[in-house]
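We did not get these values from a lab; they are worked out from the coordinates using the rules stated. Since the structure is predicted, the reported quantities are computational estimates derived from the model, not experimental observations. Cβ atoms come from the backbone with ideal geometry, glycine included; neighbour counts cover every protein chain shown.
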Amino acid sequence: MKTISLGEAKLTMEELLAVARGGAKVTLSAEAEASVSRSREVVERCVADKKVVYGLTTGFGKFSDVTISKEDTLSLQENLIMSHACGVGEPLPDEVVRAMMLLRINALAVGCSGIRVSTLQTLIEMLNKNVIPVVPSKGSLGASGDLVPLAHMSLVLLGMGEAKYMGERMSGAKAMEMAGIVPVKLTSKEGLALINGTPAMCSLGALAISDAEILMKSADVIAALTMESEYGIADAMDERLHKVRRQPGQIITAENMRRLFEGSQYISHQGERRVQDAYSFRCIPQIHGASRDAIGFVRTIIENELNAVTDNPIIFADTEEAISGGNFHGQYLAIGLDVLGIALAEIANVSERRIERLVNPALSGLPAFLVKHGGLNSGMMIAQYTAAALVSENKVLAHPASVDSIPSSANQEDHVSMGMTAARKAREILNNVTEVLAIEVMCAAQAVEFQGSEGLSPAGKAVYNLIREQVPPLDKDRVLHIDMEKCSGLLRSGAILKAAESVIGPLK
């Protein structure tokens with residue numbers, strides 16, 4: 001298990017995944033320790049000199065005009081954490097909380113936040129020993145960052161709240177005791193440094209974008225198998241056609257499709273069986289490509305945010321200044337994650353239309369609902385209903401959160417991003433899209449039964465064989481929920497993509 005050294009703002013998406021999902025440990029580089037210490041010295045001088053600095057010697061939000069004495073500064077920070085822990089809803093998944101802790105540590109390690117090295121090391125120890133705070137998923141406005149979820153994270157650092165340890169949910173105090181970690185007593189600026197920022201929405205976004213990239217390639221693989229099962233027309237994937245459009249995602253998707261078709265005896269050409277395919281086949285590069293480019297745009301935002309300093313005020317040790325600004329505002333992530341949700345929803349939209357073409361005998365030329373003895377058997381009929389329900393739900397979820405704002409803190413914080421809402425919606429849409437694609441690949445494999453798998457392309461045959469290892473052909477009705485779960489599991493694990501890539505090499 002690798003150890004990742006933090007500092008100098010160089011955390012990668014791959015390292016985040018290693019920590020969030022792989023249990024990798026983290027450490028603070030010597031350079032980061034020195035930077036953190038220098039910014040801490042600036043904070044202590046500001047407090048000693050009784051300078052009026054937001055969050056150091058004043059209250060928060062609307063209370064920024066209330067001066068806090070040096071004697072009360074310790075209570076100020078603890079009160080901040082307790083008062084802001086107002087979350088509701090189901091707890092965030094452990095992988096999201098681990099990523100959130102990592103991103104908060106990484107931002108603080110830059111040395112612009114004024115936290116003590118000892119406090120930061122305690123948070124690192126929690127992450128490395130897998131003390132996972134219980135963080136409710138709802139309550140963040142996305143400015144001043146993810147105050148509510150980060151406050152719940154920080155409660156455990158203080159020996160409060162709730163946490164999971166060794167697979168058991170318990171009090172934060174008990175979890176820290178069992179892990180052999182001494183809780184922290186916060187001092188000036190530290191509470192604000194811990195909870196001001198975007199790690200919760202960014203963590204959800206980072207994990208979603210990683211899964212979305214795998215799902216995007218898997219969608220190409222599944223669409224290719226569907227086209228093979230319906231003798232789809234290859235001419236629509238001609239390289240020349242897509243180069244003159246000049247859209248990079250479209251060009252990449254068409255290339256993927258050509259590679260996936262290679263060696264197929266079932267792919268046809270225009271005029272052989274029909275002149276044109278329906279849009280859900282013919283326009284795969286244009287539809288998938290647009291989503292592919294949108295996902296790339298969102299990844300850039302996420303990668304920048306992984307190493308961003310997003311608390312307030314920001315400490316600049318070289319000039320001994322504490323500058324109050326708005327880096328905690330989640331608008332970049334809010335808009336980006338709304339775009340991610342929309343891009344993913346479209347993949348399910350077109351997938352459901354391909355499912356309809358497979359199960360509808362008037363469109364497919366195959367037995368109704370892909371089963372013999374229809375009437376006695378309903379076959380794949382209701383699987384398409386489920387896909388349609390998920391697609392319809394996605395249309396509601398894809399409504400952008402980032403266009404909304406509700407003023408807070410007596411109108412001091414008069415525009416907020418709703419970025420956490422955008423992040424949660426994007427994750428839910430991602431889950432729905434996975435299920436729709438699972439239904440498509442299940443139906444595509446069933447459609448192959450009526451032509452035989454011998455003429456499939458090598459990539460198509462590899463995917464078909466993988467599905468058949470888990471899901472037998474449908475001869476008569478059975479509980480399809482079980483088959484769908486197996487197919488979605490293959491998608492989530494990346495196995496469907498790996499099966500295709502094992503014979504044709506990596507897809508773009």
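Normalised by the empirical 2.2 N^0.38 Å for globular proteins, what value does the Cα Rg of region 352-403 take? Walk me through the numbers on the way to the answer.
Details: Rg = 14.7 Å, N = 52, 2.2 N^0.38 = 9.9 Å.
So region 352-403 has a normalised radius of gyration of 1.49.
Which net charge results when you count Lys and Arg as +1 and Asp and Glu as -1 among the other residues whose beta-carbon is under 14 Å from that of residue 308? List each step's numbers first, then the result.
Values: positive: 10, 104; negative: 8, 146, 303, 305, 311.
Charge balance near residue 308 sits at -3.
Can you give the log10 of the normalised intensity I(q)/I(0) at q = 0.07, 0.09, 0.10 Å⁻¹, computed with Debye over equal Cα scatterers of the chain?
Scattering profile of the chain, log10 relative to I(0): -0.45, -0.68, -0.80.
Might you report the magnitude of the Cβ-based charge dipole of the chain about its Cα centre, with Lys and Arg at +1 and Asp and Glu at -1, to the nearest 20 debye?
Details: 49 positive and 59 negative charges, 108 e Å.
Dipole magnitude for the chain comes out near 520 debye.
For region 353-438, how big is the tail of P(r) above 22 Å, as a whole percent of Cα pairs?
Numbers: 1785 of 3655 pairs.
Cα-Cα pairs in region 353-438 separated by more than 22 Å: 49 percent.
Sequence-distant or interchain residues sharing an amide H contact under 5 Å with residue 159, placed H: which?
184
For the pairs 395/508; 425/461; 2/508; 10/51; 10/243, note any where the Cα-Cα span goes beyond 30 Å. All intermediate terms of the calculation are to be shown ahead of the outcome.
On the way: 395/508 28 Å; 425/461 35 Å; 2/508 27 Å; 10/51 33 Å; 10/243 35 Å.
Long pairs (Cα-Cα over 30 Å): 425/461; 10/51; 10/243.
Taking loop as defined by DSSP and a crowding limit of 14 other beta carbons within 10 Å, which GluC sites (Glu not before Pro) in region 273-343 fit?
320
Cα centroids of region 176-241 and region 374-406: how far apart, whole angstrom?
That distance is 21 Å.
Where both partners of a DSSP beta bridge lie in region 3-197, what percent of those bridges are antiparallel, to the nearest 5? Write out the running numbers ahead of the final one.
On the way: 9 of 14 bridges.
Bridges in region 3-197 that DSSP calls antiparallel: roughly 65 percent.
Quick one: net charge of residue 393's neighbours, Cβ under 15 Å, K/R +1, D/E -1? It would help to have the intermediate numbers written out before the result.
On the way: positive: 395, 424, 425, 427; negative: 346, 352, 428, 435.
Around residue 393, the surrounding residues sum to 0.
May I ask you to give the average projected area over all directions of the convex hull of the Cα atoms of region 394-508, in nm² rounded to one decimal? Let's see the in-between values first.
Values: hull surface 41.7 nm².
The Cα convex hull of region 394-508, projected and averaged over all directions, gives 10.4 nm².
Given region 170-274, what whole percent of its Cα pairs are spread farther than 19 Å?
Numbers: 3654 of 5460 pairs.
That fraction is 67 percent.
Test of understanding: express the Cα radius of gyration of region 3-197 as a ratio to 2.2 N^0.38 Å, with N the residue count.
0.98
Per the helix-only calculation at 222 nm, which mean residue ellipticity applies to the chain, given -39500 (n - 2.57) for every DSSP H run of n ≥ 4 and division by its residues, nearest 500 deg cm²/dmol? If you can, show how the numbers build up before the last one.
Details: 20 runs with 284 residues, N = 508.
Estimated from H runs of four or more residues: -18000 deg cm²/dmol.
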